[in-house]
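Notes to accompany the following structure.
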């Protein structure tokens, strides 16, 4: 195979399920052990970890063994209801699935049922507040009809893209039948995810794949130096097959991979970015314009603490409270993570490089003469292209002065407040308070909250407020 051609599409499809034999075996046994009331199995993992490919592979194997499979694409429900922009109950996605596999399910009666379901879907577009009993009745009739001849497997990819998936899950989960639905790991923080997860009989978590499997998926024409660069750039995302494949494909498309003998190498030392449509970048954009700007700011600064927010907000011309809220949401979405000193940094260098490349204006705000930040070592300009390499944060010294925020947090600790109450008092999330405390413990060498308050009093950081007296004495 000539360098640069990569694997064939078929080869990629066949290889894409490597490392998931255990999960496939678990899905096969789940059908055999279906309870009298049916069975619901949730497959959970990060975006790009291989949930869709796993469901596709399982569906193909079941069909090859004569099992009838209905494959519902939850993502289809986002735009399928005309006039509403969403298919609240996934009815349109179900109609698509049954029409696609009608030859496996079809009988004259089912034709009428699918048509009625389609009409109901249209009525839902005109009346989005369709009542739960009516939706459940329509779905129950259809799934009862297709399951009469024997067991059916219903695969629902990205089930939480359906606003209210419960009627569909309950209708499809019937005697002898198996429902397998996939969810993203970060969906666990979405309130709508609670009921489907509670209904599940079992949850299969997809872990990152081993490095050798990832290397095989990416292509045997890549030099080991490319994998070394990918591991460094992607960090914890390197075990995610979807991310690695998409990143390699982007490097190929941009001409970044050049022939060197019978292998491909990177053409230069420019940073590796995530693909433009990567899930992490989409999450940042969904936070509004401030999300990507703060992400780029973090990349440019390498890392920052909560005390840096006022200066950052001033440099960006943004409200400090809104900046704090957006930082919390970046943390909740897995874009920013805390280091051992409690500082926040980008999840991986590839994310940092992408953020800076997309938000040059935000970086210029920080690099301008009015900004109160020294230019960090992680950003260099070469031919107008930012080169981002995340450097380790410098350790804090116990001799450093206490900031106003640090003093206030310790003061509230001395008054007996929990991290949650401290966050409410200061307008911060509980996670941000925890991150700040981690940084304080590392800075002072203290091992407990009591030691922290004593150290602050000793250093005069609490301005003589006597916080050790407790809240009742305040």
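Nothing in this text is a laboratory measurement; each read-out follows from the coordinates by a stated rule. None of these values were measured; they are calculated from a predicted model. Positions of Cβ are generated from backbone atoms using ideal geometry, with glycine treated the same way; all protein chains shown enter the neighbour counts.
Applying 1/(1 + (r/R0)^6) with R0 = 41 Å to the Cβ-Cβ distance of residue 360 and residue 115 gives a FRET efficiency near 0.15.
Using a Förster radius of 25 Å, what is the FRET efficiency between residue 276 and residue 53 based on their Cβ-Cβ separation? Nearest 0.05, please.
On the way: r = 21 Å, r/R0 = 0.86.
With a Förster radius of 25 Å, E is 0.70.
Put in order of Cβ neighbour count within 10 Å, fewest first, the listed residues 402, 300, 141 become 141, 402, 300. Sorted fewest first by neighbouring Cβ atoms within 10 angstrom, 418, 405 come out as 418, 405.
Over region 211-266, the hull volume per residue, using the convex hull of the C-alpha atoms, is 65 Å³.
Between residue 163 and residue 259, the simple spin-label model (points 7 angstrom out along Cα→Cβ) gives 5.4 nm. Site pair residue 269 and residue 185 shows an inter-label distance of 3.2 nm when each label is modelled 7 Å from Cα along Cα→Cβ.
Full extension from residue 404 to residue 136: what is 0.36 nm times the residue separation minus their Cα-Cα distance, to one decimal in nm?
On the way: separation 268, 0.36 × 268 = 96.48 nm, distance 5.63 nm.
Stretched out fully, the residue 404 to residue 136 stretch lengthens by 90.9 nm.
Stretching residue 220 away from residue 425 to a fully extended chain increases their span by 68.3 nm, per 0.36 nm per residue minus the current alpha-carbon distance.
Multiplying the sequence separation of residue 212 and residue 252 by 0.36 nm and subtracting their Cα-Cα distance, what value in nm do you get? Before the final figure, lay out the partial values.
Numbers: separation 40, 0.36 × 40 = 14.40 nm, distance 2.07 nm.
Here the segment from residue 212 to residue 252 would lengthen by 12.3 nm.
Quick one: if the Förster radius is 35 Å, what FRET efficiency do residue 197 and residue 24 give, using the C-beta to C-beta distance and rounding to 0.05? Walk me through the numbers on the way to the answer.
On the way: r = 22 Å, r/R0 = 0.63.
Once the sixth-power term is evaluated, E becomes 0.95.
The residues 43, 363, when put in order of fewest to most other Cβ atoms within 10 Å, stand as 363, 43. Peptides 20-33, 59-72 ranked from most to least packed, by the mean per-residue count of other Cβ atoms within 10 Å: 59-72, 20-33.
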